Amino acid sequence: MATSNSNPPLKDDLDIVIPTIRSLDFLEMWRPFFEPYHLIIVQDGDPSRAIKVPNGFDYELFNRNDINKILGPKASCISFKDSACRCFGYMVSKKKYIFTIDDDCFVAKDPSGKDIDALSQHIRNLLHPSTPYFFNTLYDPFSEGADFVRGYPFSLREGVPTAVSHGLWLNIPDYDAPTQLVKPRERNNRYVDAVMTIPKGTLFPMCGMNLAFDRQLIGPAMYFGLMGDGQPIGRYDDMWAGWCVKVICDHLGLGIKTGLPYIWHSKASNPFVNLKKEYKGIFWQEEIIPFFQATSLPKECTTVQQCYVELSKHVKDKLGKIDPYFVKLADAMVTWIEAWDELNPLDSKKGNGK
(Lines give C-alpha, C1' and ligand atoms only; values in the text may rest on other atoms or scores of the structure.)
Protein backbone atom coordinates (compact mmCIF):
# COMPACT_ATOMS: atom_id res chain seq x y z
CA MET A 1 0.00 0.00 0.00
CA ALA A 2 1.73 3.13 -1.22
CA THR A 3 0.55 6.40 0.24
CA SER A 4 1.21 10.07 -0.24
CA ASN A 5 3.12 11.62 2.60
CA SER A 6 1.55 15.07 2.22
CA ASN A 7 0.07 14.47 5.66
CA PRO A 8 2.23 11.76 7.26
CA PRO A 9 0.63 10.05 10.27
CA LEU A 10 2.17 10.66 13.72
CA LYS A 11 4.84 12.89 12.17
CA ASP A 12 5.58 14.58 15.49
CA ASP A 13 5.02 11.51 17.65
CA LEU A 14 7.33 8.89 16.13
CA ASP A 15 11.08 8.35 15.83
CA ILE A 16 12.76 5.92 13.44
CA VAL A 17 15.72 4.13 15.06
CA ILE A 18 18.41 2.61 12.84
CA PRO A 19 21.53 0.76 14.05
CA THR A 20 24.37 0.77 11.50
CA ILE A 21 28.05 0.31 10.79
CA ARG A 22 27.89 1.81 7.28
CA SER A 23 26.67 4.80 5.30
CA LEU A 24 22.92 4.85 4.97
CA ASP A 25 22.39 4.85 1.22
CA PHE A 26 19.42 2.51 1.74
CA LEU A 27 17.45 5.54 2.99
CA GLU A 28 17.09 6.79 -0.59
CA MET A 29 14.62 4.00 -1.29
CA TRP A 30 12.70 4.86 1.87
CA ARG A 31 12.74 8.63 1.28
CA PRO A 32 9.05 8.94 0.26
CA PHE A 33 8.06 7.30 3.54
CA PHE A 34 10.76 8.31 6.05
CA GLU A 35 11.75 11.85 5.07
CA PRO A 36 9.02 13.58 7.15
CA TYR A 37 10.13 11.79 10.32
CA HIS A 38 12.99 12.24 12.77
CA LEU A 39 15.68 9.55 12.62
CA ILE A 40 17.84 8.33 15.49
CA ILE A 41 20.92 6.60 14.09
CA VAL A 42 22.99 4.49 16.47
CA GLN A 43 26.43 3.87 15.03
CA ASP A 44 27.92 0.55 16.07
CA GLY A 45 31.62 -0.26 16.15
CA ASP A 46 34.43 2.22 15.55
CA PRO A 47 33.20 5.72 16.51
CA SER A 48 35.88 7.39 14.36
CA ARG A 49 34.39 5.96 11.19
CA ALA A 50 32.33 8.53 9.27
CA ILE A 51 28.72 7.58 8.58
CA LYS A 52 27.10 9.35 5.64
CA VAL A 53 23.38 10.11 5.71
CA PRO A 54 21.66 11.27 2.51
CA ASN A 55 20.68 14.93 2.38
CA GLY A 56 17.20 15.96 3.39
CA PHE A 57 16.71 13.73 6.42
CA ASP A 58 16.21 15.08 9.93
CA TYR A 59 18.43 12.95 12.16
CA GLU A 60 20.59 12.59 15.23
CA LEU A 61 23.60 10.28 15.14
CA PHE A 62 25.03 8.68 18.28
CA ASN A 63 28.27 6.69 18.33
CA ARG A 64 29.93 4.82 21.19
CA ASN A 65 31.62 7.96 22.50
CA ASP A 66 28.23 9.66 22.71
CA ILE A 67 26.72 6.68 24.53
CA ASN A 68 29.55 6.70 27.06
CA LYS A 69 29.25 10.45 27.57
CA ILE A 70 25.47 10.39 28.05
CA LEU A 71 25.21 7.28 30.23
CA GLY A 72 28.57 7.32 32.02
CA PRO A 73 29.21 4.04 33.90
CA LYS A 74 25.71 2.84 32.96
CA ALA A 75 26.83 2.65 29.32
CA SER A 76 27.97 -0.88 30.19
CA CYS A 77 24.39 -2.04 29.64
CA ILE A 78 24.51 -1.07 25.92
CA SER A 79 25.97 -3.76 23.67
CA PHE A 80 29.03 -3.05 21.52
CA LYS A 81 29.64 -4.45 18.02
CA ASP A 82 26.10 -5.76 17.83
CA SER A 83 22.84 -4.32 16.49
CA ALA A 84 21.50 -4.61 20.05
CA CYS A 85 22.96 -1.12 20.46
CA ARG A 86 19.76 0.14 18.80
CA CYS A 87 17.97 0.13 22.14
CA PHE A 88 20.02 3.20 23.12
CA GLY A 89 17.92 5.02 20.53
CA TYR A 90 14.75 3.92 22.31
CA MET A 91 16.10 5.37 25.53
CA VAL A 92 17.04 8.82 24.20
CA SER A 93 13.90 9.26 22.09
CA LYS A 94 11.26 11.61 23.45
CA LYS A 95 8.48 10.41 21.16
CA LYS A 96 5.50 8.19 21.94
CA TYR A 97 6.20 5.68 19.15
CA ILE A 98 9.31 3.98 17.77
CA PHE A 99 9.86 2.24 14.44
CA THR A 100 13.15 0.39 14.07
CA ILE A 101 14.56 -1.08 10.88
CA ASP A 102 17.86 -2.61 9.75
CA ASP A 103 19.97 -0.99 7.06
CA ASP A 104 19.71 -4.03 4.77
CA CYS A 105 15.92 -3.80 4.61
CA PHE A 106 14.39 -2.23 1.53
CA VAL A 107 10.89 -1.29 0.37
CA ALA A 108 8.90 -4.40 -0.58
CA LYS A 109 6.09 -4.63 -3.12
CA ASP A 110 2.65 -6.05 -2.54
CA PRO A 111 1.20 -8.64 -4.98
CA SER A 112 -0.17 -5.84 -7.19
CA GLY A 113 3.33 -4.38 -7.59
CA LYS A 114 2.79 -1.32 -5.39
CA ASP A 115 5.44 -0.20 -2.92
CA ILE A 116 4.51 -1.12 0.64
CA ASP A 117 4.46 1.77 3.10
CA ALA A 118 5.63 -0.33 6.06
CA LEU A 119 5.61 2.56 8.49
CA SER A 120 1.97 3.45 7.74
CA GLN A 121 0.87 -0.14 8.34
CA HIS A 122 2.78 -0.32 11.63
CA ILE A 123 1.05 2.88 12.74
CA ARG A 124 -2.32 1.40 11.83
CA ASN A 125 -1.52 -1.72 13.87
CA LEU A 126 -0.50 0.34 16.90
CA LEU A 127 -3.48 2.69 16.78
CA HIS A 128 -6.03 -0.15 16.74
CA PRO A 129 -6.66 -2.52 19.66
CA SER A 130 -5.32 -6.05 20.05
CA THR A 131 -7.36 -9.10 21.01
CA PRO A 132 -5.11 -11.40 23.10
CA TYR A 133 -7.83 -13.12 25.13
CA PHE A 134 -9.81 -14.80 22.36
CA PHE A 135 -8.61 -15.67 18.85
CA ASN A 136 -10.52 -14.20 15.91
CA THR A 137 -10.43 -16.60 12.94
CA LEU A 138 -10.57 -13.68 10.49
CA TYR A 139 -7.37 -12.46 12.17
CA ASP A 140 -7.31 -8.75 13.05
CA PRO A 141 -10.96 -7.67 13.32
CA PHE A 142 -9.86 -4.03 13.05
CA SER A 143 -8.34 -4.54 9.58
CA GLU A 144 -10.18 -3.23 6.56
CA GLY A 145 -12.77 -5.75 5.34
CA ALA A 146 -12.68 -7.83 8.54
CA ASP A 147 -14.66 -7.96 11.75
CA PHE A 148 -15.33 -10.18 14.73
CA VAL A 149 -16.74 -13.54 13.64
CA ARG A 150 -19.85 -15.25 14.96
CA GLY A 151 -19.23 -16.62 18.44
CA TYR A 152 -16.71 -13.97 19.45
CA PRO A 153 -17.65 -12.71 22.93
CA PHE A 154 -19.07 -9.19 22.83
CA SER A 155 -17.50 -8.52 26.23
CA LEU A 156 -14.02 -8.88 24.68
CA ARG A 157 -14.57 -6.91 21.47
CA GLU A 158 -13.22 -3.67 22.86
CA GLY A 159 -9.78 -5.24 22.89
CA VAL A 160 -6.70 -3.91 24.68
CA PRO A 161 -4.09 -1.27 23.77
CA THR A 162 -1.52 -2.47 21.23
CA ALA A 163 2.03 -2.12 22.52
CA VAL A 164 3.99 -3.80 19.71
CA SER A 165 3.62 -4.23 15.93
CA HIS A 166 5.90 -6.99 14.62
CA GLY A 167 6.42 -6.92 10.85
CA LEU A 168 7.75 -9.64 8.54
CA TRP A 169 10.12 -9.94 5.58
CA LEU A 170 10.10 -11.00 1.96
CA ASN A 171 13.17 -12.49 0.25
CA ILE A 172 15.67 -13.48 2.99
CA PRO A 173 13.81 -15.08 5.92
CA ASP A 174 14.94 -14.53 9.51
CA TYR A 175 16.39 -18.01 10.00
CA ASP A 176 18.86 -19.27 12.57
CA ALA A 177 22.26 -20.51 11.44
CA PRO A 178 21.46 -24.26 11.28
CA THR A 179 18.40 -23.56 9.11
CA GLN A 180 20.45 -21.18 6.94
CA LEU A 181 23.00 -23.93 6.39
CA VAL A 182 20.38 -26.51 5.48
CA LYS A 183 18.40 -24.15 3.22
CA PRO A 184 20.95 -21.67 1.80
CA ARG A 185 18.84 -20.79 -1.25
CA GLU A 186 15.44 -20.59 0.40
CA ARG A 187 13.60 -17.31 -0.07
CA ASN A 188 10.28 -16.15 1.31
CA ASN A 189 8.05 -15.17 -1.60
CA ARG A 190 4.74 -15.65 0.21
CA TYR A 191 2.84 -12.44 0.89
CA VAL A 192 0.17 -13.21 3.47
CA ASP A 193 -2.28 -10.33 3.79
CA ALA A 194 -2.95 -10.75 7.49
CA VAL A 195 -2.35 -9.22 10.90
CA MET A 196 -3.06 -11.16 14.06
CA THR A 197 -2.78 -10.69 17.79
CA ILE A 198 -0.45 -13.12 19.55
CA PRO A 199 -2.61 -14.81 22.22
CA LYS A 200 -2.02 -14.26 25.91
CA GLY A 201 0.33 -16.90 27.34
CA THR A 202 2.01 -17.54 23.99
CA LEU A 203 5.63 -16.54 23.42
CA PHE A 204 7.02 -15.69 19.99
CA PRO A 205 10.41 -15.06 18.33
CA MET A 206 10.57 -11.28 17.95
CA CYS A 207 12.72 -9.95 15.11
CA GLY A 208 14.02 -6.41 15.51
CA MET A 209 14.60 -5.58 11.85
CA ASN A 210 11.00 -4.44 11.11
CA LEU A 211 9.42 -3.52 14.42
CA ALA A 212 7.32 -0.72 15.89
CA PHE A 213 6.11 -0.14 19.42
CA ASP A 214 4.40 2.29 21.73
CA ARG A 215 7.30 3.64 23.74
CA GLN A 216 5.06 5.02 26.48
CA LEU A 217 3.32 1.69 26.98
CA ILE A 218 6.25 -0.76 26.80
CA GLY A 219 9.49 1.19 26.11
CA PRO A 220 11.43 0.33 29.30
CA ALA A 221 11.04 -3.41 28.55
CA MET A 222 12.54 -3.08 25.04
CA TYR A 223 16.04 -3.80 26.24
CA PHE A 224 18.02 -5.84 23.73
CA GLY A 225 20.33 -7.35 26.35
CA LEU A 226 24.08 -7.87 26.43
CA MET A 227 25.29 -9.16 23.06
CA GLY A 228 28.29 -8.95 20.80
CA ASP A 229 31.75 -7.85 21.88
CA GLY A 230 32.84 -9.47 25.15
CA GLN A 231 29.67 -11.57 25.48
CA PRO A 232 29.26 -15.33 24.95
CA ILE A 233 26.20 -14.94 22.72
CA GLY A 234 24.84 -12.91 19.83
CA ARG A 235 21.75 -12.72 17.60
CA TYR A 236 19.46 -13.23 20.57
CA ASP A 237 19.06 -9.54 21.38
CA ASP A 238 15.62 -9.12 19.85
CA MET A 239 14.58 -12.59 21.01
CA TRP A 240 15.40 -11.70 24.60
CA ALA A 241 13.53 -8.42 24.36
CA GLY A 242 10.54 -10.18 22.82
CA TRP A 243 10.27 -12.78 25.57
CA CYS A 244 10.52 -10.13 28.28
CA VAL A 245 8.06 -7.83 26.52
CA LYS A 246 5.50 -10.61 25.99
CA VAL A 247 5.50 -11.65 29.65
CA ILE A 248 5.08 -8.03 30.73
CA CYS A 249 2.40 -7.27 28.12
CA ASP A 250 0.44 -10.32 29.29
CA HIS A 251 0.73 -9.13 32.89
CA LEU A 252 -0.28 -5.52 32.17
CA GLY A 253 -3.07 -6.34 29.73
CA LEU A 254 -1.38 -5.09 26.57
CA GLY A 255 -1.36 -6.60 23.08
CA ILE A 256 1.19 -7.56 20.42
CA LYS A 257 0.36 -7.88 16.72
CA THR A 258 2.35 -9.74 14.05
CA GLY A 259 2.03 -10.02 10.28
CA LEU A 260 1.85 -7.00 7.97
CA PRO A 261 3.81 -4.98 7.04
CA TYR A 262 6.46 -6.68 4.94
CA ILE A 263 9.86 -5.26 4.10
CA TRP A 264 12.39 -6.66 1.58
CA HIS A 265 15.31 -8.21 3.45
CA SER A 266 18.09 -7.82 0.93
CA LYS A 267 20.98 -9.98 2.04
CA ALA A 268 21.65 -13.08 4.10
CA SER A 269 24.26 -12.87 6.82
CA ASN A 270 27.06 -15.44 6.96
CA PRO A 271 25.65 -18.67 8.48
CA PHE A 272 29.04 -19.75 9.84
CA VAL A 273 29.55 -16.43 11.62
CA ASN A 274 25.96 -16.65 12.84
CA LEU A 275 26.48 -20.18 14.17
CA LYS A 276 29.41 -18.99 16.25
CA LYS A 277 27.26 -16.21 17.71
CA GLU A 278 24.19 -18.39 18.26
CA TYR A 279 25.88 -21.59 19.42
CA LYS A 280 25.25 -21.26 23.14
CA GLY A 281 21.88 -19.64 22.63
CA ILE A 282 20.62 -22.63 20.63
CA PHE A 283 21.15 -24.78 23.71
CA TRP A 284 20.19 -22.16 26.27
CA GLN A 285 16.87 -21.31 24.63
CA GLU A 286 15.57 -24.79 25.46
CA GLU A 287 15.73 -23.73 29.11
CA ILE A 288 15.10 -20.00 28.65
CA ILE A 289 11.74 -20.46 26.94
CA PRO A 290 10.26 -22.75 29.64
CA PHE A 291 11.52 -20.21 32.18
CA PHE A 292 9.53 -17.40 30.54
CA GLN A 293 6.51 -19.68 30.07
CA ALA A 294 6.49 -20.40 33.81
CA THR A 295 7.22 -16.86 34.99
CA SER A 296 4.41 -14.85 36.53
CA LEU A 297 4.67 -11.36 37.98
CA PRO A 298 3.03 -10.23 41.22
CA LYS A 299 -0.02 -7.97 41.02
CA GLU A 300 1.96 -5.31 42.91
CA CYS A 301 3.94 -4.74 39.70
CA THR A 302 1.83 -2.13 37.92
CA THR A 303 4.44 -0.32 35.77
CA VAL A 304 6.78 -1.61 33.09
CA GLN A 305 9.78 -0.64 35.21
CA GLN A 306 8.50 -2.55 38.24
CA CYS A 307 7.76 -5.59 36.07
CA TYR A 308 11.19 -5.48 34.44
CA VAL A 309 13.12 -5.19 37.70
CA GLU A 310 11.07 -8.06 39.13
CA LEU A 311 11.78 -10.12 36.01
CA SER A 312 15.50 -9.45 36.41
CA LYS A 313 15.36 -11.07 39.86
CA HIS A 314 13.80 -14.19 38.35
CA VAL A 315 16.48 -14.22 35.63
CA LYS A 316 19.27 -14.06 38.21
CA ASP A 317 17.69 -16.69 40.45
CA LYS A 318 16.62 -19.23 37.81
CA LEU A 319 18.74 -18.68 34.69
CA GLY A 320 21.86 -17.77 36.67
CA LYS A 321 22.16 -21.50 37.38
CA ILE A 322 22.63 -22.18 33.66
CA ASP A 323 25.57 -19.83 33.17
CA PRO A 324 27.12 -16.82 34.97
CA TYR A 325 26.25 -14.76 31.88
CA PHE A 326 22.66 -14.55 33.09
CA VAL A 327 23.72 -13.05 36.42
CA LYS A 328 25.56 -10.37 34.46
CA LEU A 329 22.54 -9.92 32.19
CA ALA A 330 20.17 -9.60 35.15
CA ASP A 331 22.37 -6.84 36.60
CA ALA A 332 22.43 -5.11 33.21
CA MET A 333 18.62 -5.23 33.10
CA VAL A 334 18.50 -3.23 36.34
CA THR A 335 21.17 -0.81 35.06
CA TRP A 336 19.11 -0.31 31.91
CA ILE A 337 16.02 0.66 33.94
CA GLU A 338 18.07 3.04 36.09
CA ALA A 339 19.51 4.68 32.95
CA TRP A 340 16.07 4.85 31.34
CA ASP A 341 14.60 6.59 34.39
CA GLU A 342 17.49 9.07 34.53
CA LEU A 343 16.91 10.10 30.91
CA ASN A 344 13.11 9.88 31.17
CA PRO A 345 12.22 11.16 34.65
CA LEU A 346 8.62 11.96 33.71
CA ASP A 347 8.07 8.34 32.62
CA SER A 348 9.25 7.01 35.98
CA LYS A 349 7.09 9.45 37.93
CA LYS A 350 3.84 8.81 36.10
CA GLY A 351 4.50 5.12 35.48
CA ASN A 352 4.02 3.06 32.34
CA GLY A 353 1.63 0.29 31.50
CA LYS A 354 -2.12 0.50 31.73
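The values are calculated or read from the model by the stated rules, or taken from the named source; none is laboratory data. Since this is a predicted model, take the numbers as computed values, not measurements. Here the Cβ positions follow ideal geometry from the backbone for every residue, glycine too, while neighbour counts run over all protein chains shown. These area figures cover heavy atoms from the full protein model, side chains too; ligands, DNA and RNA do not enter into them. Shrake-Rupley method; radii C 1.70, N 1.55, O 1.52, S 1.80 Å.
Some points to look at:
- When only Cα pairs below 8 angstrom with a gap of at least 6 residues are kept, the range 101-239 shows a relative contact order of 27 percent.
- Counting only DSSP beta bridges whose two residues both lie in the chain, roughly 40 percent are antiparallel.
- Ranked by how many other beta carbons lie within 10 Å on average, peptides 276-286, 94-104 from highest: 94-104, 276-286
- Cα gyration tensor category, rounded, prolate or oblate, for the range 242-299 with a/c compared to 1.5: oblate
- Cα centroid of the range 161-205 to Cα centroid of the range 245-297, whole Å: 10
- Reduced Cα scattering model of the chain, Debye log10 I(q)/I(0), q = 0.06, 0.08 Å⁻¹: -0.20, -0.37
- Helices of the chain meeting both criteria, an alpha-carbon length of 24 angstrom or more along the long axis and an average Kyte-Doolittle score not below 0.5, with helices taken as full DSSP H segments, do not occur.
- Protection proxy ranking for 303-312, 168-177, 237-246, 66-75, using the average of other Cβ atoms within 10 Å per residue and placing the highest first: 237-246, 303-312, 168-177, 66-75.
- Per residue, the accessible area of the chain comes to 45 Å² when a 1.4 Å probe rolls over the protein heavy atoms.
- Cβ-defined net charge surrounding Lys81, 14 Å radius [Lys, Arg +1; Asp, Glu -1]: +2
- Distant-in-sequence amide H partners of Val17 (H built 1.01 Å from N, under 5 Å): Ile40, Phe99, Thr100, Ile101
- Accessible-area value, His38, 1.4 Å probe, nucleic acids and ligands omitted, Å²: 30
- Sulfur and carbon atoms: percent of accessible area, the chain [1.4 Å]: 53
- Proximal lysine pairs, the range 69-153, alpha carbons under 27 Å, eight or more residues apart or interchain: 9
- Working ranking of peptides 28-34, 145-151, 225-231 by packing, defined as the average number of other Cβ atoms within 10 Å per residue, highest first, is 225-231, 28-34, 145-151.
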